[in-house]
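The values are calculated or read from the model by the stated rules, or taken from the named source; none is laboratory data. No experiment lies behind these values; they were computed from the predicted model shown. Ideal geometry is used to build each Cβ from the backbone, glycine not excepted, and the neighbour counts take in all protein chains shown. Accessible surface areas use protein heavy atoms only, side chains included; no ligands, DNA or RNA. Shrake-Rupley method; radii C 1.70, N 1.55, O 1.52, S 1.80 Å.
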Amino acid sequence: AIDLAAGEQGSLTDQGASPPSPADPHAGDWQRGVLYASGMRLDAFAQELGRYRPGILRCDPAAAHLRISGAFQLRDTDAVLAALPSTLPVQVRYRTPYWVTITPRAAADA
């Protein structure tokens, strides 16, 4: 058995319990409608953001390695997507409102 104090976390695997470690202070942000990213790869960010919007949200592999940081409001995922080109060299392409792809910014758009 492992005892956890307030502010600690642990995990269980088939090999047993991990030792206590400090809890991630942003683990419950989704409950407050916030997606927190700290140096997150853009493909992982898109996958996580896609959980909070209808349809398909994809990240082109050519932009996947880019990193993003910030706190993003989940109540308006289109506003989050609209802000991406102002901070990263990407563009957001809407084929339909339900099929969106984040791609590298075209050379002519740079």
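Being in a helix (DSSP H, G or I) and polar (S, T, N, Q) is not true of S69.
Of the residues making up segment 61-91, those that are in contact (Cβ under 8 Å) with a residue 40 or more places away in the chain, open to solvent by 50 Å² or more (accessible area, probe 1.4 Å) and out of contact with any Ser or Thr (no Cβ under 8 Å at 6 or more places or on another chain) are A71, Q73, R75. For L84, state whether it is touching a strand residue (DSSP E or B) at 6+ places or on another chain (Cβ under 9 Å), assigned to a helix (DSSP H, G or I) and farther than 16 Å from G33 by Cβ. The answer is yes for L84. Do you know which of the residues in segment 92-110 that are open to solvent by 70 Å² or more (accessible area, probe 1.4 Å) and in a strand (DSSP E or B) is farthest from Y36 (Cα to Cα)? By that ranking, first place goes to R95. Report yes if Y94 is at pLDDT below 95 and touching a helix residue (DSSP H, G or I) at 6+ places or on another chain (Cβ under 9 Å), otherwise no. Spelling it out, it is not the case that Y94 is at pLDDT below 95 and touching a helix residue (DSSP H, G or I) at 6+ places or on another chain (Cβ under 9 Å).
Looking only at segment 29-60, residues that are more than 19 Å from R93 (Cβ to Cβ), in contact (Cβ under 8 Å) with a residue 12 or more places away in the chain and among the polar types (S, T, N, Q) come to 1 in all. Candidates are the residues of segment 48-60 that are open to solvent by less than 50 Å² (accessible area, probe 1.4 Å) and of a type in the set (A, V, I, L, M); the one that is farthest from the chain's Cα centre (by Cα) is L57. Scanning segment 92-105 for residues that are over 17 Å from the mean Cα position of the chain (by Cα) and free of Cβ contacts under 8 Å to residues at least 40 places away in the same chain yields R93, Y94, R95, R105.
Listed here are the residues, each with its yes/no results for (1) modelled with pLDDT of 75 or more; (2) more than 24 Å from the chain's Cα centre (by Cα).
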position	(1), (2)
A6	yes, yes
D14	yes, yes
S18	yes, yes
A27	no, no
W30	no, no
M40	yes, no
A46	yes, no
